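Engineer: Mind having a look at this structure? Questions to follow.
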Amino acid sequence: MQRKFLVNLSFLLVLNLLIKPFYILGIDRAVQNAVGAEAYGMYYAIFNFTFLFNILLDFGITNFNNRNISQNQQLVGKHFSSIMMLRMTLAIGYGAFTLMVGWVLGYTQQYTTMIVLLTFCQVMIAFILYLRSNITALHLFRTDSIISVLDRTLMIMVCGVLLWGLPSGTEFQIEWFVYAQVFAYSVSLLVTLATVIAKSGTTRLNWNPQFNWVVLRESFPYALLILLMTFYSRLDTVMIEQLLDDGATQAGIYAQAFRLFDAVNIVAFLFAGLLLPIFSRMLKLNEPTGNLVRLSFTLLFVPALGVALIAAFYSRPIMELLYTQHADESAPVLGLLMFCFVATATTYIFGTLLTAGGRLRQLNKIALASVVGNFLLNYFLIPQYQAEGAAFASLCTQGGSAIAQVFLAVALFRFTANAQLLWRLGLFSAMAIAIVAVSHMYIENWLVGAPMALLLVVLMAVLLRIWDVAAMLTVIRTKR
């Protein structure tokens, strides 16, 4: 399983790192620079608002399906025919509820087209993720890797023309960005649906109330977990827009920093997508997971800490390079959010293991505490510290959740403490901080100092054998 994880992770990383960072830092950033912080901030607040109720679309079915099909691959065709009908019903309910709440908050009256189209986009994203869960559950990781970048590839092509291919003097409109998303997700949905039908051999849809009830009952803990995690990770932007007089502008400032967090978080998300079906399979076969947990965590922790330190020390020049407005205000937000990446990277490993092991009750308790804490911190910090306050609230919430999940996983799966590894991780962290701090102090050109510091951090991980390159190469070469 370690070989399968490393080989498929390599392919997945290469493909995604070629496409998604360019989309986020090239296209998405260029859109905000073109339309301004206020217009983009309003779009971003509405986008996150439609995301808040995403659970009504999915109800935890995607994670339940991934785990279940990973352990019982022969059921993919039977479950697909019934679950698709159930999801169509859920989509109607989600759309109606989201638009109703949007009307209460004033979004529907002022931004009717945008909220309707973004709601439709969320429907398509949810269907794509469900369909992909069948593909990964069958361990068709390379097929899923290609599909995972299809929507962003289409967005790059369409928005590239709209941003840079039109006659000079043409002003880009934020609505164009939304239209491009509708097109890209529509094509991706059709391609993913055709792939699943081809793999499952199922073309008929089946409405089965008894089966639907069983699925909803079994997936409810997943649904609750996703709902709670969505709220404590996406509530901040909506609260910024609602609590502040200049909420749209502050949401745009927050979005500038969050965009970089989103870019690096792609890597952690890819780990989770691979690990869930692999962990599920291993646990069903009673195979020990400790080695894979250690391998995946150390692989992810090194770049997470390195990138967080670089962002903290070089936040101002990074934001000045990327944006034409509000670079000074968004710089401290970036420093805080990037340390959230260390926390989320940790939860993508240990939280995924706990999910694969069916430890949903404990995860939901942690998530509920995180929601309450995040809401209270945002409520008191945003009015005084604005976007920076929201970033600090996120750091506290994500950090607390990560620590709780690590201790829970260690206790439930009875992992033995590896004193040598913990000592090396501590030494590595201290050395990484020192390396970045020294480079920041003595190398004037940050475009030289930052990459050099990151390279030295990685080298330190190899020298301290946090990354055991020889062992990883041995695993990849072992064909079994």
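The values are calculated or read from the model by the stated rules, or taken from the named source; none is laboratory data. Every value quoted in this text rests on a predicted model; they were computed, and no experiment measured them. Here Cβ is always computed from backbone atoms with ideal geometry, including for glycine, and neighbour counts include all displayed protein chains. For accessibility, only protein heavy atoms count, side chains too; no ligands or nucleic acids. Shrake-Rupley method; radii C 1.70, N 1.55, O 1.52, S 1.80 Å.
Engineer: Any idea how many residues of region 211-246 are closer than 18 Å to Asn374 by Cα and either assigned to a helix (DSSP H, G or I) or in contact with an Asp or Glu (Cβ under 9 Å, 6 or more places away or on another chain) (or both)? Before you say what the answer is, go through the steps one by one.
Structural biologist: Let us first name the residues in region 211-246 that are closer than 18 Å to Asn374 by Cα, namely 224-244.
Right, trim to either assigned to a helix (DSSP H, G or I) or in contact with an Asp or Glu (Cβ under 9 Å, 6 or more places away or on another chain) (or both) and you get 224-243.
Total meeting the criteria: 20.
Engineer: Next up: May I ask you to say which residue of Pro317, Pro303 is open to solvent by 20 Å² or more (accessible area, probe 1.4 Å) and over 24 Å from Ser145 (Cβ atoms)?
Structural biologist: Pro317
Engineer: Can we say Leu131 is over 22 Å from Asn208 (Cα atoms), among the hydrophobic types (A, V, I, L, M, F, W, C), in a helix (DSSP H, G or I) and touching a helix residue (DSSP H, G or I) at 6+ places or on another chain (Cβ under 6 Å)?
Structural biologist: Spelling it out, it is not the case that Leu131 is over 22 Å from Asn208 (Cα atoms), among the hydrophobic types (A, V, I, L, M, F, W, C), in a helix (DSSP H, G or I) and touching a helix residue (DSSP H, G or I) at 6+ places or on another chain (Cβ under 6 Å).
Engineer: Within the group Ala327, Ala356, which residue is surrounded by fewer than 20 Cβ atoms within 10 Å (Cβ to Cβ) and modelled with pLDDT under 90?
Structural biologist: Ala327
Engineer: Regarding Ala411, is this residue aliphatic (A, V, I, L, M), part of a helix (DSSP H, G or I) and touching a residue at least 60 places away in the same chain (Cβ under 8 Å)? Quick ask: steps written out before the conclusion?
Structural biologist: Details: aliphatic (A, V, I, L, M): yes; part of a helix (DSSP H, G or I): yes; touching a residue at least 60 places away in the same chain (Cβ under 8 Å): no.
No, not satisfied.
Engineer: Could you look through region 107-130, keep only residues that are open to solvent by less than 40 Å² (accessible area, probe 1.4 Å) and over 27 Å from Met84 (Cα atoms), and pick out the one that is modelled with the lowest pLDDT?
Structural biologist: Ranking the candidates gives Thr108 first.
Engineer: Enumerate the pairs (first residue in region 150-170 and farther than 15 Å from Ala30 by Cβ; second residue anywhere and at pLDDT 90 or above) with beta-carbon separation below 7 Å, excluding pairs fewer than 6 apart on the same chain, so at least 6 apart or on different chains.
Structural biologist: Leu150/Ser188; Leu150/Val191; Asp151/Ala184; Asp151/Tyr185; Asp151/Ser188; Leu154/Phe183; Leu154/Ala184; Leu154/Val187
Engineer: Give the residue that is surrounded by the fewest Cβ atoms within 10 Å (Cβ to Cβ), with candidates limited to residues of region 201-248 that are closer than 16 Å to Ile366 by Cβ and aromatic (Phe, Trp, Tyr).
Structural biologist: Only one residue tops the list, namely Phe231.
Engineer: I've got another one for you. If Thr324 satisfies every condition in (1) closer than 20 Å to Arg29 by Cα; (2) part of a helix (DSSP H, G or I) but one, which is the exception?
Structural biologist: (2)
Engineer: Checking the condition aliphatic (A, V, I, L, M) and in contact with a Ser or Thr (Cβ under 8 Å, 6 or more places away or on another chain), which residue from Leu105, Leu138, Leu118 passes?
Structural biologist: Leu118
Engineer: Additional query: State all residues of region 42-61 that are at pLDDT 75 or above, open to solvent by less than 30 Å² (accessible area, probe 1.4 Å) and part of a helix (DSSP H, G or I); if no residue qualifies, say none.
Structural biologist: Met42, Tyr43, Tyr44, Ala45, Ile46, Asn48, Phe49, Thr50, Leu52, Leu57, Ile61
Engineer: Suppose we filter region 233-255 for residues that are over 20 Å from Ala343 (Cα atoms) and touching a helix residue (DSSP H, G or I) at 6+ places or on another chain (Cβ under 6 Å); how many remain?
Structural biologist: 13
Engineer: Test each condition in (1) within 30 Å of Thr249 (Cβ to Cβ); (2) crowded, with 22+ Cβ neighbours inside 10 Å; (3) at pLDDT 75 or above for Ser133 and report the one that comes out false.
Structural biologist: For Ser133, the exception is condition (1).
Engineer: Continuing with the same structure: Working only within region 137-159, note down all residues that are over 20 Å from the mean Cα position of the chain (by Cα) and buried (at least 21 other Cβ atoms within 10 Å of the Cβ).
Structural biologist: Of everything in region 137-159, just one residue is over 20 Å from the mean Cα position of the chain (by Cα) and buried (at least 21 other Cβ atoms within 10 Å of the Cβ), namely Cys159.
Engineer: Moving on to the next point. Look at Ala345 and say whether it is buried (at least 22 other Cβ atoms within 10 Å of the Cβ), within 21 Å of the chain's Cα centre (by Cα), in a helix (DSSP H, G or I) and of a type outside the set (Val, Ile, Thr).
Structural biologist: yes
Engineer: Something else about it: Just the residues that are modelled with pLDDT of 70 or more and either small (Gly, Ala, Ser) or open to solvent by 20 Å² or more (accessible area, probe 1.4 Å) (or both), please, taken from region 64-80.
Structural biologist: Phe64 - this is the single residue of region 64-80 that is modelled with pLDDT of 70 or more and either small (Gly, Ala, Ser) or open to solvent by 20 Å² or more (accessible area, probe 1.4 Å) (or both).
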